[in-house]
Amino acid sequence: MNIYQILFSRMYLSNDDYYYYLNLLKGFEGEMRFDELIEKLKEYCLILNDLQLEIRRSSFQIDALLIFSGKIILCEIKNYEGVHYWGKDKFTKQNGIAMENPALQLQKTRVRLELLLLELGCKMEVEAFVVYVNPQFTLLGAPADEQLLLPTQISGYFGNLHTGAKPTAEQIKLADALVKLHKPDYPSKMPEYRYDQLRKGIPCTACGTLLETFNGHRQSCANCGKKVNVKNAIKTSISDFRLLFPNEPVTSSRITDWCGTGRRDRIFRILREEFVAKGSGKTRYYV
Ligand SMILES: [Zn+2]
């Protein structure tokens, strides 16, 4: 489970926020998928992920940049699913919902990147692709010269880029320069959250749905119907808490609240078994 998934299952979300976070989550999964696909290229080119850059006060974001000797490949990664009909400006889904053709965004990003590269004194050629990483994605009606890679084309395309040459000093210098220009403080994609905003409970070990009450050793998940091992789910819930709130002490009262409605002695026993207690009485916490 990553932090997005944990937050997604624990946040009270309005409809808008729900789709916003669902998109974040999908985007994150897409980037993970892409990383797996280009894993083999790592020896031959330099790969920069999630760059936040700026040129003449216009900011732009790059999902992935592959720096080869002599050319740069800019990738906009999309994790879309299902059948889409291509249009120059927009895609339409089978249910009629329309969305902007990601090629438009990619075009803007490419122009900004090229301007920035010129400022850095780099004259390398930039190739740009929208990379659709979800194997469940189909795009109908796209012209053959569109700068895009469909799920079935990705490994073939990147497979052909193996040059066998190790990155040169010039490539490394360019990558360093871009990393230095990266703005990590730019409003990040990580949603803000506070303890009191989050739903309390233990996650189903199969599907992640939150069970707000727990009882006994095994309990059915209302979403997927699987039998959840309550002890394991409590342990997962504790590690989720530590991931989301790394600076908060793990106390038995805090964890009892975090795990939803259930018996405090269960929590206490698990904390005592799995963690080391520090301090005593009301200030006792576990590490
Ligand atoms: Zn479940």
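The values are calculated or read from the model by the stated rules, or taken from the named source; none is laboratory data. Note that this is a predicted model, so its numbers are computed, not measured. A quick note on method: Cβ atoms are made from the backbone with ideal geometry, for glycine too, and the neighbour counts reach across all protein chains shown.
Figures for the structure shown
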| quantity | calculated |
| --- | --- |
| Of the criteria (1) without any contact (Cβ under 8 Å) to a residue 40 or more places away in the chain; (2) closer than 20 Å to residue 12 by Cα; (3) away from the ligand (no atom under 15 Å from the Cβ), which one residue 243 fails | (1) |
| Residue tally, condition part of a loop (DSSP other than H, G, I, E, B) and within 17 Å of residue 5 (Cβ to Cβ), over the range 201-225 | 10 |
| Options 179, 230; residue that is of a type outside the set (S, T, N, Q) and within 30 Å of residue 117 (Cα to Cα) | 179 |
| Members of the range 201-236 that are near the ligand (Cβ under 9 Å from one of its atoms) and either of a type in the set (Lys, Arg) or at positive phi (or both) | 208, 225, 226 |
| Residues of the range 66-85 satisfying the condition of being farther than 28 Å from residue 51 by Cα and of a type in the set (A, V, I, L, M, F, W, C) | 83 |
| Residues of the range 1-36 satisfying the condition of being surrounded by 13 or more Cβ atoms within 10 Å (Cβ to Cβ), within 13 Å of the chain's Cα centre (by Cα) and not in a helix (DSSP H, G or I) | 1 |
| Scope the range 161-171; condition loosely packed, with under 13 Cβ neighbours inside 10 Å and at pLDDT 85 or above; matching residues | 169 |
| Residue within the range 270-285 that is under 28 Å from the mean Cα position of the chain (by Cα) and of a type outside the set (A, V, I, L, M, F, W, C) present | no |
| Any hit, the range 123-142, residues being in a loop (DSSP other than H, G, I, E, B), modelled with pLDDT under 90 and assigned by TED's automatic domain parsing to the domain that holds residue 68 | yes |
| Cβ pairs under 7 Å, 6+ apart, first in the range 210-232 and in the same structural domain as residue 262 (by TED's automatic domain parsing), second more than 8 Å from the ligand (Cβ to nearest atom) and aromatic (Phe, Trp, Tyr) | 230/214 |
| Residue in the range 189-198 that is farthest from the ligand (Cβ to nearest atom), counting only those that are surrounded by 13 or more Cβ atoms within 10 Å (Cβ to Cβ) and assigned to a loop (DSSP other than H, G, I, E, B) | 189 |
| Index of the failed condition, residue 77 passing every other in (1) buried (at least 19 other Cβ atoms within 10 Å of the Cβ); (2) not in a strand (DSSP E or B) | (2) |
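Per-residue answers, yes or no, for (1) in contact (Cβ under 8 Å) with a residue 40 or more places away in the chain; (2) closer than 23 Å to residue 177 by Cα; (3) out of contact with any His (no Cβ under 7 Å at 6 or more places or on another chain):
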{"position": "17", "(1), (2), (3)": "no, no, yes"}
{"position": "25", "(1), (2), (3)": "no, no, yes"}
{"position": "34", "(1), (2), (3)": "yes, no, yes"}
{"position": "38", "(1), (2), (3)": "yes, yes, yes"}
{"position": "60", "(1), (2), (3)": "yes, yes, yes"}
{"position": "68", "(1), (2), (3)": "yes, yes, yes"}
{"position": "72", "(1), (2), (3)": "yes, yes, yes"}
{"position": "84", "(1), (2), (3)": "yes, no, yes"}
